[in-house]
Amino acid sequence: MVFLLNHLPAFTVVTLTGAVGLLFGTASTLLRDRRAILGAQAAGCTAFALHYHALGAYTGTLMCALGLVQMATALPAERPRWAGALFLATVLGGLAVAAVTWLGVMSAFSAAGFALGSLGRWQTDRGAMRRCFLAATLSGAGHNGLAGSAFGLCADALALSGHAWSLRRDQDAAPARTGARA
């Protein structure tokens, strides 16, 4: 642990908000309730928005803001039509941001991850939600790998592990179906 602490940046707003975002993001992968998952994601997303803003990474800040609107509109199980329209507008907005700030393959991975994460947030079934998040995280890992973000890749590894473990846990806890095909 001492070795890792020697390589972390000084305790700053950037470090603190990044750590809080990572904590909530990882916790969201382990929660069982769909609304709790979205709530933890929203807390992490808020921290990451502040993190990106402190870094001067305004594209990341804007994408987090769009994600927060998505989580707010996706939270209720019963959604009015306007919520669906607003949610769709955030997806289109995120894809527009990716197009305007296009950096080739790295942006393609980012846009795909945003779209898959958006699809996951709109799901009412927790298993479908997690599968979308797994796919989104793989795409995000492509972005982070090309960007050379070691901390981003660590966050991706934690998210992949957490979602995979939770999918397995939920599958093992599901009541056995009699007479049904697997």
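In table form, for the structure just shown:
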{"quantity": "Residue match in the stretch 151-158 (condition: among the charged types (D, E, K, R), under 11 Å from the mean Cα position of the chain (by Cα) and surrounded by 16 or more Cβ atoms within 10 Å (Cβ to Cβ))", "calculated": "yes"}
{"quantity": "Identity of the residue in the stretch 38-82, β-branched (Val, Ile, Thr) and in contact with a Phe, Trp or Tyr (Cβ under 6 Å, 6 or more places away or on another chain), that ends up modelled with the highest pLDDT", "calculated": "Thr73"}
{"quantity": "Qualifying residue in the stretch 159-172 (condition: within 23 Å of Thr59 (Cβ to Cβ) and either free of Cβ contacts under 8 Å to residues at least 60 places away in the same chain or crowded, with 16+ Cβ neighbours inside 10 Å (or both))", "calculated": "yes"}
{"quantity": "Hits in the stretch 55-110 (condition: touching a Leu at 6+ places or on another chain (Cβ under 6 Å) and closer than 19 Å to Gly148 by Cα)", "calculated": "Met106"}
{"quantity": "Options Gly117, Gly93, Gly104, Gly113; residue that is more than 23 Å from His163 (Cβ to Cβ) and surrounded by 15 or more Cβ atoms within 10 Å (Cβ to Cβ)", "calculated": "Gly93"}
{"quantity": "Residue count, the stretch 111-123 (criterion: among the small types (Gly, Ala, Ser) and under 17 Å from Gly145 (Cβ atoms))", "calculated": "3"}
{"quantity": "Residues (in contact (Cβ under 8 Å) with a residue 60 or more places away in the chain and outside any loop (DSSP other than H, G, I, E, B)) located in the stretch 29-77", "calculated": "Thr29, Leu30, Arg34, Ile37, Leu38, Gln41"}
{"quantity": "Of residues in the stretch 79-90 being hydrophobic (A, V, I, L, M, F, W, C) and within 14 Å of Gly117 (Cα to Cα), the one surrounded by the most Cβ atoms within 10 Å (Cβ to Cβ)", "calculated": "Phe87"}
{"quantity": "Meets criteria (out of contact with any helix residue (DSSP H, G or I) (no Cβ under 9 Å at 6 or more places or on another chain) and modelled with pLDDT under 95) for His7", "calculated": "yes"}
{"quantity": "Close pairs (7 angstrom Cβ cut-off, 6 or more residues apart or separate chains): farther than 20 Å from Ala135 by Cα in the stretch 99-113, assigned to a helix (DSSP H, G or I) anywhere", "calculated": "Thr101/Thr59; Thr101/Ser107"}
{"quantity": "Answer residue from the stretch 11-28, given it is in a helix (DSSP H, G or I) and of a type outside the set (A, V, I, L, M) and is nearest to the chain's Cα centre (by Cα) among those", "calculated": "Gly25"}
{"quantity": "Subset of the stretch 54-78 that is of a type in the set (S, T, N, Q) and within 14 Å of the chain's Cα centre (by Cα) - its residue that is surrounded by the most Cβ atoms within 10 Å (Cβ to Cβ)", "calculated": "Gln70"}
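The values are calculated or read from the model by the stated rules, or taken from the named source; none is laboratory data. What you see is a predicted model, and the numbers here were worked out from it, not measured in a lab. Cβ: placed from backbone, ideal geometry, glycine included. Neighbour counts: every protein chain shown.
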